[in-house]
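Heads up, the thing below is written out as structure tokens.
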Amino acid sequence: MAKFELGNGNVVVIIGSGAGGGTLASELASKGVDIVVLEAGKRYTIADFKNDDLSMFNLISWLDPMSQSGDIAKHRPTPLWTCKTVGGTTVHWAGNCPRFQPHEFKARTTYGDVPGASLIDWPLSYEDILPYYEKAEAKMGISGRGGRPHLPGNNNFKVMAAGAKRVGYRRVHTGYMAINSVPYDGRPACRQIGFCMQACAIGAKWSTLYTEIPKAEATGRCEVRPESTALNINHDDGGRVTGVVYADAAGTMHEQKARIVAVAGNAVATPMLLLQSESGKYPKGLANSTDQVGRYYMRHTTGSVFGIMPGPVYWNRGTQMAGLIEDEAGHDPSRGFGGGYHLETIPLGFAVFGAVMMPGAWGETYARDIEKYTRFAGMWICGEDLPQTKNRITRDTTKKDRFGLAIPHVHYDDHVNDKRMRNHAFSQGRAIYESLGAEKVYEATPFASGHNMGSCRMSQRPEDGVCNKWGQTHEIANLFISDGSQFSTSAAPNPTLTIVALAIRQADYIANQMATRTI
Ligand SMILES: Cc1cc2nc3c(=O)[nH]c(=O)nc-3n(C[C@H](O)[C@H](O)[C@H](O)COP(=O)(O)OP(=O)(O)OC[C@H]3O[C@@H](n4cnc5c(N)ncnc54)[C@H](O)[C@@H]3O)c2cc1C
Ligand code: SF4
């Protein structure tokens, strides 16, 4: 494994080792670029993973304090569900990988001027990203793409598919999953163990922890520093970034010099790092002269529908989210809202069942329903939410973290479009389960957000966003945004395939710019 001096100003420093950061590291290292990855979390191995919801949540989740406001439910213990560990949230994630639809890159053009929303078109098109989708799918071994078979459906999927057929849906299958349906890239096929979102204990699910990160290290060009929390990005008098100040496991401060800094801390940590790097030259924070850093935070229009079915389902068995209905994904304003949504299978583990399905529930009804655990079926709504200028990550200066820095504040209100979409999805989900004789159907409100996007978005014009179509900040040429914070709009599909495709594309750009000494 490579080891770089702190004073080596030729390295690219990547902050975060998840979907965006881990992919960028392996792509750049394979092109001969020297990389230092600073990762706040610890490094675990597959051998540390347990098939146990709560212990895994407590082991790898990002539980640093955040405050929150807005009309989303108050989520405890955190408004976001992300990870603090080498591999980032790709350790916890479920692996659903649909592509964006072409019109979703042109949201402003397609949906028009929606009052209360700040829609823009992406500065790139579906055609621009298509070759990178194909590279990302091959890298991740997406089932159902590139000639790889789809995963088999578990019982939860079979219930959803049977009901979907009855209500007239046609585009129903086990999804495009970053989970091996056959052995691939040295990793085994899924054994249907059913703990994907806790962390796959055999590595059938793609995670940068055991794919991109070791590949990057194997080039001899990449050093990963776990338990290294980036606190500040420094710059020179000309405004170019020059290095990253970070705290190691013991709390000792260091500065790693850098030729380029790429921030991939997920959609809260990324803008926070830019904001807290304020200076005399950048009094509002880095790349923030147009006051765009932290704005347009998106988290998808979500919610869940759970049905108590007439017979046993055992929804907790098998690949958790290999089940997808795509029929509502298109833009059809006759439904009363813009954009579309997916319905995806989801089970709830026993430990989180009550908290998610019926927050605050207690007593006779709850006890009666939980006895029917084996008869539950469940689906999750994943739809496009609209960017709003007030949905925003800011610094909460009333509270300090362990480094004495202001903690993040997350504000999120639903747009009326989001509410209409959720209500539509609730009634479609209900119809699916009732068509099969469900005894009872629950419509559950969103829980802590796993899909976090848009707080440093891409835009054609600096006044509309933070970075250009390569993720390069408009203001500072050697500072890049390399995670889901780049998203101009959320689109309906789960975000990670697009994060990975953008990271591969960004690596090409950075390597070319370095080779021509443009950066
Ligand atoms: C339960 C669950 C299920 C999910 N399922 C899906 C799915 O099916 N499909 C899908 O597309 N997406 C899914 N997601 C979302 C997906 O995991 C994220 O979209 C993706 O991992 C985001 O990638 P990222 O690079 O932006 O950030 P992350 O993968 O979260 O990586 C960010 C990393 O940066 C580190 N970091 C942050 N700040 C600092 C700092 N200051 N210094 C150093 N390091 C720092 C963090 O510790 C973390 O390791 C799911 C998420 C959850 C929680
Ligand atoms: S179901 Fe498959 S992907 Fe999920 S945890 Fe089990 S083996 Fe891993």
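Observations on the structure shown:
- Looking across GLU104, GLU134, GLU39, one residue alone is more than 16 Å from ligand 1 (Cβ to nearest atom) and not hydroxyl-bearing (Ser, Thr, Tyr). It is GLU134.
- Flag for ILE202 being within 14 Å of ligand 1 (Cβ to nearest atom) and not in a strand (DSSP E or B): no
- Within the range 160-187, the residues that satisfy the criterion of being in a loop (DSSP other than H, G, I, E, B), of a type outside the set (Phe, Trp, Tyr) and closer than 13 Å to MET140 by Cα are ALA178, ASN180, SER181, VAL182, PRO183, ASP185, GLY186.
- Test: residue in the range 57-67 that is within 14 Å of ligand 1 (Cβ to nearest atom), closer than 21 Å to THR496 by Cβ and surrounded by 23 or more Cβ atoms within 10 Å (Cβ to Cβ): yes
- Scan of the range 190-226 for residues that are without any contact (Cβ under 8 Å) to a residue 40 or more places away in the chain and within 8 Å of ligand 2 (Cβ to nearest atom), ordered by number: ARG191, ALA204
- Filter result (surrounded by fewer than 24 Cβ atoms within 10 Å (Cβ to Cβ) and over 21 Å from the mean Cα position of the chain (by Cα)) within the range 314-332: TYR314, ASN316, ARG317, ASP327, GLU328, GLY330, HIS331, ASP332
- Residue in the range 430-442 that is within 30 Å of MET66 (Cβ to Cβ), touching a residue at least 24 places away in the same chain (Cβ under 8 Å) and of a type outside the set (Ser, Thr, Tyr) present: no
- Being over 23 Å from LYS205 (Cα atoms), charged (D, E, K, R) and crowded, with 23+ Cβ neighbours inside 10 Å holds for only one residue in GLU104, GLU127, and it is GLU104.
- Top-ranked residue in the range 297-315 [being within 15 Å of ligand 1 (Cβ to nearest atom) and not in a strand (DSSP E or B); ranked as nearest to LYS158 (Cα to Cα)]: HIS300
- Selection over the range 49-91 of residues that are within 16 Å of ligand 2 (Cβ to nearest atom), under 17 Å from the mean Cα position of the chain (by Cα) and not in a loop (DSSP other than H, G, I, E, B) gives a count of 5.
- Taken over the range 160-173, the criterion of being surrounded by 24 or more Cβ atoms within 10 Å (Cβ to Cβ) and under 23 Å from TRP93 (Cα atoms) is satisfied by MET160 alone.
- Residue match in the range 168-182 (condition: touching a residue at least 40 places away in the same chain (Cβ under 8 Å), away from ligand 1 (no atom under 14 Å from the Cβ), over 28 Å from SER304 (Cα atoms) and over 23 Å from the mean Cα position of the chain (by Cα)): no
- Residue in the range 280-300 that is without any contact (Cβ under 8 Å) to a residue 24 or more places away in the chain and either under 23 Å from the mean Cα position of the chain (by Cα) or on the phi > 0 side of the Ramachandran plot (or both) present: yes
A short reminder: the numbers here are calculations on the coordinates, not readings from a lab. Keep in mind the model is a prediction, meaning the values are calculated, not measured. No Cβ is skipped: glycine too gets one built from the backbone with ideal geometry, and neighbour counts run over all protein chains shown.
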